[in-house]
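Let me begin by presenting the structure, written as structure tokens, before commenting on it.
Just so it is clear, none of the values below were taken in a lab; they were calculated from the coordinates. Only a predicted model underlies this, so the values are computations on that prediction, with no experimental measurement involved. All Cβ positions, glycine included, derive from the backbone under ideal geometry; neighbour counts span all protein chains shown.
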Amino acid sequence: MEGHPIESLMKTAMESIKDMVNVNTIIGDAVETPDGSVIIPVSRVTFGFAAGGSEFFVKTSQDKDKSQELQKMPFGGGSGAGVSVQPVAFMVVGKGQIRLLPVHQNAMWERVIDVAPQILEQVRAALKKNHEPIVVQPK
């Protein structure tokens, strides 16, 4: 039995989405900086898909018994998809550390959490050195 026409619509649309979205869309190509650090973009990918169709029948004749003969018309349908790619962060690998730098505006708390281990280590080191001043260096 031959498949329904909507199956080919859906298959074509899904194959197109598959071609557009791959792992390189989410985790981008690495870029090496002159100081040897490597920057890797990280994105959020969302997509939507819809397909639909209808078959039409037309009354072609009516006899004395009022029974109607129906003629099947061609299938009518369509499909569509949308893809959205939003950058969310950059992963920076270099100088013996890995950092995740978020893109969005409200990244202050994430940055505080990211820097907290360094601050604690500096406090610990300062306490061991008989209360020498603590120097926190911004990155």
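Counting other Cβ atoms within 10 Å as a rough exposure proxy, the listed residues 124, 99 run 124, 99 from fewest neighbours to most.
Given R0 = 41 Å, the distance between the Cβ atoms of residue 112 and residue 7 translates into a calculated FRET efficiency of 0.20. Subtracting the Cα-Cα distance of residue 88 and residue 37 from 0.36 nm times their residue separation leaves 16.4 nm of extension gain.
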